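Undergrad: My questions all concern the structure below.
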Amino acid sequence: MAMDKILIEGGKRLEGTVRASGAKNAALPAMTAALLADGVTTIRNVPRLRDIQAMGDLLEILGCRFQMEEDVLRVDARGASSFEAPYDIVRKMRASIYVLGPLLARFGKARVSLPGGCSIGDRPIDLHVRGMRSLGARVELKHGYIVAEADSLRGAEVDLVGPRGSSVGATVNVLAAASLARGVTRILGAAKEPEVAEFARILQGMGARVEGAGTRTLTVEGVDRLEGGEFSIIPDRIEAGTFLMAAAITGGRVTVTGCVPSHMESTLEALKRANVQVEAEDDSVIAAGTAPIKPIELVTGPYPEFPTDMQAQITALLCLARGVSRLTDHIYPDRFIHVRELIRLGARITRIGAQVEIVGVDGLSGAPVMASDLRASAALVLAGLAAQGVTQVLRVYHIDRGYEQIERKLSSLGARIWREKE
Ligand code: EPU
């Protein structure tokens, strides 16, 4: 694999308008929903990302036909013939576990490689297993695989309350499996993320009977079959939030269009507390950085709380606040690999367990840094936009997993940012 790096010459104020892409984390489950259809599923507004390609590869391994043109993706699942998601794909993309429920519903069998840990920490699967068992599946962990089997799935009460709150992935898997189960399923402690609500709406569009989308309790009445359909993916609230932070960290002014401000309330609220001017309109948000950035205290949590997927980016912003900020990630208590890299750029951060203390500094200075995961790379790019001199972000393939053409989008706002071979 050719490795790219991103170079940023910091210190330019970002100005202008940028459009949010479709949400990676809504598109990935939508692609797995296609596995349930007795037909062709068309999905629009799909971002062109490595993770989307990886999920497409997985669908092909499972026997589907997969095609992507511009931002439109087609999945024909009629020929699906395999029920195994191999390690080779799962280790590259944890969202592969989202095929567990659909495979079990479709084949009565599923073999999905265990995800293991990753650079953001543990990725447990107990809630996925509990969910499938509640619907009557036998589930075993064997040879590094989750092996699930059910002669027929039966609707049931499924409790998905986990030690760290709700689980997006487990909710998606249970929703998928319950849609084709016999009888009624009630999911308690469901995730309320907009991407989960979107998944429920997509299933409804395919003929599923789901109630309560966007709430803690979902009710699913199983049907015999689901049809393909045509869907459009919601905007990426994390990408949009990242651009707002780019405005804030450079003292610039950026309008993000094509987004849903109501999906981003906790992020907008945090930015306001940090003294960033934020104005939300129907489908756009304007952020303007005003000096000084103020320190804040922040805790991540399940939606509608502050998203763990914005934690690294706001850490970068708070490096330049006037005062001491404290930030706790309860969702992924080990998601702090960016901290060491930010320190190389001149940040003052100390970590104790799941909390970091950020002592604001007057400026950052460019240096080579290493991207370790998707959101960490975004944080390093943000820091680079504000740093004096040139920042090189190495192993940038991580960022291509989840940000569509990030350097082009930031260039269009006036950033000096470009890509080179490593
Ligand atoms: N959890 C359990 N047991 C489980 C599953 C999860 O304890 O069986 C815990 C996790 O350890 C975590 C919490 O529950 O503390 C939430 O995990 P969740 O299952 O909700 O996460 P996920 O479905 O694996 C999605 C996103 C992540 C995002 C998380 C949290 C996709 C494809 N991935 O993952 O996105 O961080 O929700 O919001 O939607 C990213 O885009 O960079 C990313 C990592």
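The values are calculated or read from the model by the stated rules, or taken from the named source; none is laboratory data. Everything quoted here is computed from the prediction, not taken from an experiment. Backbone-built Cβ (ideal geometry, glycine too); neighbour counts: all protein chains shown. Note: accessible area is taken over every heavy atom of the protein model, side chains too, but ligands, DNA and RNA are not part of it. Shrake-Rupley method; radii C 1.70, N 1.55, O 1.52, S 1.80 Å.
Undergrad: Specify which residue in the list ILE331, LEU364, ALA291 is farthest towards the positive end of the charge dipole of segment 270-422, using unit charges on the beta carbon of Lys, Arg (+1) and Asp, Glu (-1), about the Cα centre.
TA: LEU364
Undergrad: Rounded to whole Å and sorted largest first, list the principal axis extents of the Cα atoms in segment 269-311.
TA: Answer, in whole Å and largest first: 28, 27, 13 Å.
Undergrad: Another question about this same structure. Of LEU342, SER412, HIS398, which is farthest towards the positive pole of segment 278-422's charge dipole, taken about the Cα centre with +1 and -1 on the beta-carbons of Lys, Arg and Asp, Glu respectively?
TA: Most positive-ward Cα: LEU342.
Undergrad: For the chain, compute the number of Lys pairs whose alpha carbons are separated by less than 24 Å, excluding pairs fewer than 8 positions apart on the same chain.
TA: 19
Undergrad: Convert each backbone phi in segment 137-150 into a coupling constant with the Karplus relation 6.51 cos²θ - 1.76 cosθ + 1.60 (shift: θ = phi - 60°), then list the ³J(HN,Hα) values in order as whole Hz, x for Gly and Pro.
TA: 7, 8, 10, 10, 10, 9, 6, x, 10, 8, 10, 10, 8, 8
Undergrad: Find how many whole Å separate the alpha carbon centroid of segment 12-31 from the alpha carbon centroid of segment 327-346.
TA: Comparing the Cα centres of segment 327-346 and segment 12-31, I get a distance of 23 Å.
Undergrad: Quick one: what are the phi-derived ³J(HN,Hα) couplings along segment 294-303, Karplus 6.51/-1.76/1.60 with θ = phi - 60°, whole Hz, x for glycine and proline?
TA: Values per residue, Gly and Pro as x: 9, x, 9, 10, 8, 10, 7, x, x, 3 Hz.
Undergrad: Is there a quick way to get the dipole size of segment 61-152? I mean about its Cα centre, with the Cβ of Lys and Arg at +1 and of Asp and Glu at -1; what is the value in debye to the nearest 20?
TA: Details: 14 positive and 11 negative charges, 49 e Å.
With only Lys, Arg, Asp and Glu charged at Cβ, the dipole is about 240 debye.
Undergrad: Taking only DSSP H segments of four or more residues, each worth -39500 (n - 2.57), what value at 222 nm results for the chain once the sum is divided by all its residues, to the nearest 500 deg cm²/dmol?
TA: Rounded to the nearest 500, it is -8500 deg cm²/dmol.
Undergrad: List every residue whose amide H lies under 5 Å from the amide H of TYR303, counting only residues 5 or more places away in sequence or on a different chain, with H placed 1.01 Å from N in the peptide plane.
TA: Residues meeting the criterion, in which the H sits 1.01 Å from N, are LYS192, GLU193.
Undergrad: Build a GNM of the chain with springs between Cα atoms under 10 Å: which of VAL196, VAL254, VAL299 gets the top mean-square fluctuation?
TA: Largest GNM mean-square fluctuation: VAL299.
Undergrad: So, one more: Determine the shape class of segment 73-222: with a ≥ b ≥ c the square roots of the Cα gyration tensor eigenvalues, call it rounded for a/c under 1.5, and otherwise prolate if a/b is greater than b/c, oblate otherwise. Could the numbers behind the result be given before it?
TA: Values: a/c = 1.38, a/b = 1.18, b/c = 1.16.
Because its axes are fairly even, with a/c under 1.5, segment 73-222 counts as rounded.
Undergrad: Remind me, relative contact order of segment 268-422 in percent, using alpha carbon pairs under 8 angstrom and six or more residues apart?
TA: So the answer I get is 17 percent.
Undergrad: Kindly identify segment 78-160 as rounded, prolate or oblate by the Cα gyration tensor criterion: order the square roots of the eigenvalues as a ≥ b ≥ c, call it rounded if a/c is under 1.5, otherwise compare a/b with b/c, prolate if a/b is larger, else oblate.
TA: Oblate.
Undergrad: Could you state the number of Å between the C-alpha centres of segment 347-422 and segment 286-309?
TA: 17
Undergrad: Treating only the Cα positions of the chain as identical point scatterers, give the base-10 log of I(q)/I(0) from the Debye formula at each q in 0.10 Å⁻¹.
TA: -0.66
Undergrad: Going by average Cβ density within 10 Å per residue, which order do the peptides 185-195, 410-420, 327-337 take, highest to lowest? Don't jump to the answer; show the numbers that get you there.
TA: Details: 185-195: 21.9, 410-420: 17.5, 327-337: 20.0.
Packing order, densest peptide first, comes out as 185-195, 327-337, 410-420.
Undergrad: Now for a separate question. Could you work out how far the C-alpha centroid of segment 192-228 sits from that of segment 74-125, in angstrom?
TA: 20
Undergrad: Would you check the accessible area of HIS128, probe 1.4 Å, heavy atoms only, in square angstrom rounded to 10?
TA: For HIS128, the solvent-accessible surface is approximately 10 Å².
Undergrad: Next up: Any chance you could give the angle, 0 to 90 degrees and rounded to 10, that helix 50-61 forms with the longest Cα principal axis of the chain?
TA: Compared with the principal axis, the helix lies near 20 degrees.
Undergrad: Another question about this same structure. For ALA208, what charge total do you get from the other residues with a beta carbon under 13 Å from its beta carbon, if Lys and Arg give +1 and Asp and Glu give -1? Kindly include the intermediate steps, with their values, before the conclusion.
TA: Details: positive: ARG201, ARG209, ARG225; negative: ASP38, GLU211, GLU221, ASP224, GLU227.
Around ALA208, the charge tally is -2.
Undergrad: With N set to the number of residues, divide the alpha-carbon radius of gyration of segment 1-79 by 2.2 N^0.38 Å and report two decimals.
TA: On the way: Rg = 16.3 Å, N = 79, 2.2 N^0.38 = 11.6 Å.
Taking N as the residue count of segment 1-79, the ratio is 1.41.
Undergrad: Given axes a ≥ b ≥ c from the Cα gyration tensor, I'd like to know whether segment 281-420 is rounded (a/c under 1.5), prolate (a/b larger than b/c) or oblate.
TA: Rounded.
Undergrad: Can you compute 3J(HN,Hα) from phi for each residue in segment 360-374, using the Karplus curve 6.51 cos²θ - 1.76 cosθ + 1.60 with θ = phi - 60°, rounded to whole Hz and x for Gly and Pro?
TA: x, 10, 6, x, 10, 10, x, 6, x, 9, 10, 7, 10, 7, 3
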